[in-house]
Amino acid sequence: MKIYYHLPGLFEFYDLYKAFLPLFREHREYFYDWCKIGSIYGAPIDCIWGGGRVGFGDAEPQKVAKLMKEYGISARLTFSNSLIREEHLADRKCNKLCELFEIGNASMDGATSDGGIASQGKGENPDAKETCAVQNGIIIHSDLLLNYIKTKYPNYYFVSSTTKVITNFEQFKAELNREEFRYVVPDFRLNKQFDKLNALTDAQKQKVEFLCNECCWFGCPDRKKCYENVSQKSLGENCEDHECVSPTAQRGYRFSDAMKNPGFIGIDDIRNVFAPAGFRHFKIEGRSLGSALILEFLLYYMTKPEHQLKVREEIYLDSTLDLF
């Protein structure tokens with residue numbers, strides 16, 4: 001059994017991953033041997049193709065790309081803006097990002113659904129003499145942008161974004177059947193529809209990427225409007241802030257609250273329910289949160305309980321990190 005986690009903060013939490021990834025490589029005994037990092041996703045600040053969350057990532061893209069290549073991890077650009085128009089396709093910054101992260105991508109004709117890794121790279125085998133090419137991906141909402149990137153930058157794989165808010169299961173199945181997507185992230189409110197999920201084909205199951213730790217109100221009627229508001233802001237449009245109607249909106253994100261969400265997928269769920277049913281891919285949200293909370297996700301989902309204090313101490317005692 002191999003489980004692939006897709007982690008938040010490619011640009012937002014570069015310093016955290018720079019400290020965490022050496023631990024993950026050099027002390028695999030600290031971590032569950034069945035889990036791998038399938039990708040790290042995110043978008044830099046002022047990225048107009050960005051969506052989902054208002055980006056604040058300020059890490060230098062060249063350094064980010066180098067770190068992901070060093071550890072053999074697929075980098076995913078989060079380009080999930082739902083309001084892209086033709087004039088936005090020429091954005092210089094976003095095209096430069098596509099050029100940078102496409103460099104070094106191998107042809108993936110023989111790729112399997114294992115997190116986008118064509119062959120075992122340095123991140124999977126510390127004894128490997130060199131890092132093998134790893135295909136990078138793009139999380140996307142707009143079909144206009146999808147077709148543009150497919151044509152101009154053909155070496156990426158694509159992930160259908162949860163910002164589409166697909167809550168109808170038949171629509172979700174139709175999305176899974178689209179050949180252009182390697183993975184599809186459904187709305188978290190489909191997470192526990194086990195009768196329907198278990199009836200999917202093996203090929204469809206390999207494409208499902210569950211959002212595990214969503215804290216959004218399960219009964220929220222405005223989720224799509226919330227994402228559209230973020231898309232407007234990313235485009236620099238003048239708009240009012242979306243007013244969240246959740247009963248606990250004033251509390252902000254709390255992992256303890258997320259764990260009570262009916263759509264929450266905990267580590268026991270992954271090991272005892274989802275993995276035996278044939279599901280392998282799990283997305284952890286958190287790009288808009290602080291690095292200290294991201295560390296708690298890494299501890300909960302990936303780190304053996306008896307080693308969590310060791311990992312926490314290693315990260316917190318790193319003098320280069322400004323955890324908040």
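Under the simplified labelling scheme, the residue 203-residue 267 pair shows an inter-label distance of 3.5 nm, with each label point 7 Å from Cα along Cα→Cβ. In this calculation the C-beta distance from residue 70 to residue 225 is compared with R0 = 56 Å, giving a FRET efficiency of 0.90.
Counting neighbouring beta carbons within 10 Å and listing from fewest to most, the residues 254, 92 come out as 92, 254.
Could you give the length gained by full extension between residue 170 and residue 2, i.e. 0.36 nm per residue of separation minus their alpha carbon distance, to one decimal place? Full-extension gain reported as 57.7 nm. The string of couplings for the stretch 89-99 from the Karplus curve (6.51, -1.76, 1.60, θ = phi - 60°) is 5, 8, 3, 5, 4, 5, 5, 5, 4, 4, 5 Hz, one whole number per residue in order, with x for Gly and Pro.
Ranked by how many other Cβ atoms sit within 10 Å of their own Cβ, fewest first, the residues 85, 271 fall in the order 85, 271.
Taking each of 2/304; 260/310; 2/63; 63/207 in turn, the alpha-carbon distance tops 22 angstrom for 260/310; 2/63; 63/207. The stretch between residue 259 and residue 103, if pulled fully straight at 0.36 nm per residue, gains 52.3 nm over its current Cα-Cα span.
Distance between the pseudo-spin-label points of residue 314 and residue 143 (7 Å out from Cα toward the beta carbon): 4.6 nm.
Listed from fewest to most Cβ neighbours within 10 Å, the set 34, 49 follows the order 34, 49.
Values in this text are rule-based calculations from the coordinates and carry no lab data. Given the structure is predicted, the values throughout are model-derived calculations rather than measurements. Counting neighbours? That spans all protein chains shown, and the Cβs are built from the backbone with ideal geometry, glycine included.
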